[in-house]
1. Search the range 246-268 for residues that are free of Cβ contacts under 8 Å to residues at least 24 places away in the same chain and pair each with any residue that is surrounded by 19 or more Cβ atoms within 10 Å (Cβ to Cβ) and part of a helix (DSSP H, G or I) when their beta-carbon atoms are under 6 Å apart and the residues are at least 6 apart or on different chains.
2. What's the total number of residues in the range 293-308 that are within 15 Å of Cys282 (Cα to Cα) and either assigned by TED's automatic domain parsing to the domain that holds Phe108 or over 11 Å from the mean Cα position of the chain (by Cα) (or both)?
3. Would you confirm whether any residue within the range 131-143 is out of contact with any Pro (no Cβ under 9 Å at 6 or more places or on another chain), of a type in the set (S, T, N, Q) and within 30 Å of Ala154 (Cα to Cα)?
4. How about the range 237-253: which of its residues are closer than 28 Å to Asp93 by Cα and aliphatic (A, V, I, L, M)?
5. Does Met284 satisfy the criteria of being farther than 17 Å from Ala198 by Cβ and among the hydrophobic types (A, V, I, L, M, F, W, C)?
6. Applying the selection to the range 166-213, what residues are free of Cβ contacts under 8 Å to residues at least 24 places away in the same chain and either in a loop (DSSP other than H, G, I, E, B) or not assigned by TED's automatic domain parsing to the domain that holds Ala250 (or both)?
7. Which one is nearest to the chain's Cα centre (by Cα), of the residues in the range 1-43 that are among the charged types (D, E, K, R) and within 21 Å of Tyr111 (Cα to Cα)?
8. Tell me which residues, restricted to the range 37-63, are closer than 22 Å to Arg14 by Cβ, surrounded by fewer than 18 Cβ atoms within 10 Å (Cβ to Cβ) and either among the aliphatic types (A, V, I, L, M) or in contact (Cβ under 8 Å) with a residue 60 or more places away in the chain (or both).
Amino acid sequence: MKIARIEAFPIDLRYRPTREFLVSYGVIDRMQNAIVKVMTDDGLVGFGELMPLPLGDREGCLEELKKLGPSVLRQDPFCMREIHARMDEQLSDEPSSRELCLKGSIDFALYDIMGQAAGVPVYKLLGGSYDDGVPMHFSISIRSPEEMGEDTAARVAEGFRAIEVKLGRFRGALDLDIEIARIAAIREAAGPEVIIIADPNIGWTADEAIEVLPAIEEYDIYVEQPVAGLEDLKRVHDAIESPVIADESAATSRVVAEIIRRDIADMINLKVLRTGGIHEACKMLDMCEAAGLGYRHDNVIQSRLASTMTIHFSTTYRASMPDCGGTQFTRTIEDVVNEAEGVYVEGGVARLRNPDAPGMGATPKAELLQDPIPIAG
């Protein structure tokens, strides 16, 4: 069995008006991703998903995927070390998150193929499942403290037991007093038992983080990547008591090794697609477990297709913080996956509709696969 052809299919998914997502770097009101289809010479088909970085530059990312795709043609999908080495040769020495997402889109499709070929779901390829469901967090977008508190209360009522709070600059403005008020309102709405993760998405400077974080530590929080870069993250980590989670900085096993060696963070937030896929993500979490570094799972801006694959991964590794990300697909009007397949979220817990299905157990709707963009082969 060899990889014979790769195609891509743009998808445009609008967010519901009530679910417009505001973060420190702007407004997210749609997903403009692409389904990646990988075919083998014996007829198997696997699917992945491309999330463009920066958001909105799908056309540019597809052109780069056309340069990456040929490197995996005529390879056995099970030979993942060789395939990833070939893809790495096409990337920068220090690959960007943009490049890693390209790589991850192919990786996801190949794991789908391997599961189908072996006749087992992907999570069994990875070592089996701890549980039949994965507790999820829900992200609360930047708004007034009152609105964020109301949104939190609604999500807790739905069953979510972890809330990720988006903070940081929005439209150029930052008011540290309002940031504190947001966390206070969310803790009051959530109650004492719900996990709260303060996530400015690198929207603060180190000085701002060191000023504001001690003022919100009384609300029992985790702090996710408040600043850009490992040096500033180390500075914040050493200055506060709350556990610090590396997110944007923790994209490769090399960086995870540095985080461990220098004690830069207490935990990493692993987004499988952004690491280059499952192959690299497994290495990263094996390193964390060996070194005693905590980790949690999360997703990038991705549809229910890619989110199904990340649930296969998340159910295989028991995270230090049990609640994971991955609910962005619940914000969209359109869905890309056949209704009876893939992941679903109920009561704050994600489960697979067909946990025994070979491969990923999710296929895109046929109408989305009508106009392929040739990538390779």
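The values are calculated or read from the model by the stated rules, or taken from the named source; none is laboratory data. The structure displayed is predicted, hence computed values, not measured ones. Here Cβ is always computed from backbone atoms with ideal geometry, including for glycine, and neighbour counts include all displayed protein chains.
1. Going by the 6 Å Cβ cut-off, the qualifying pairs are Ala246/Ile259.
2. Residues flagged as within 15 Å of Cys282 (Cα to Cα) and either assigned by TED's automatic domain parsing to the domain that holds Phe108 or over 11 Å from the mean Cα position of the chain (by Cα) (or both) within the range 293-308 amount to 3.
3. Scanning the range 131-143 turns up at least one residue that is out of contact with any Pro (no Cβ under 9 Å at 6 or more places or on another chain), of a type in the set (S, T, N, Q) and within 30 Å of Ala154 (Cα to Cα).
4. Val244, Ile245, Ala246, Ala250, Ala251
5. On the way: farther than 17 Å from Ala198 by Cβ: yes; among the hydrophobic types (A, V, I, L, M, F, W, C): yes.
Spelling it out, Met284 is indeed farther than 17 Å from Ala198 by Cβ and among the hydrophobic types (A, V, I, L, M, F, W, C).
6. Arg171, Gly172, Asp175
7. Here the residue is Lys37.
8. Residue satisfying the conditions is Leu55 alone.
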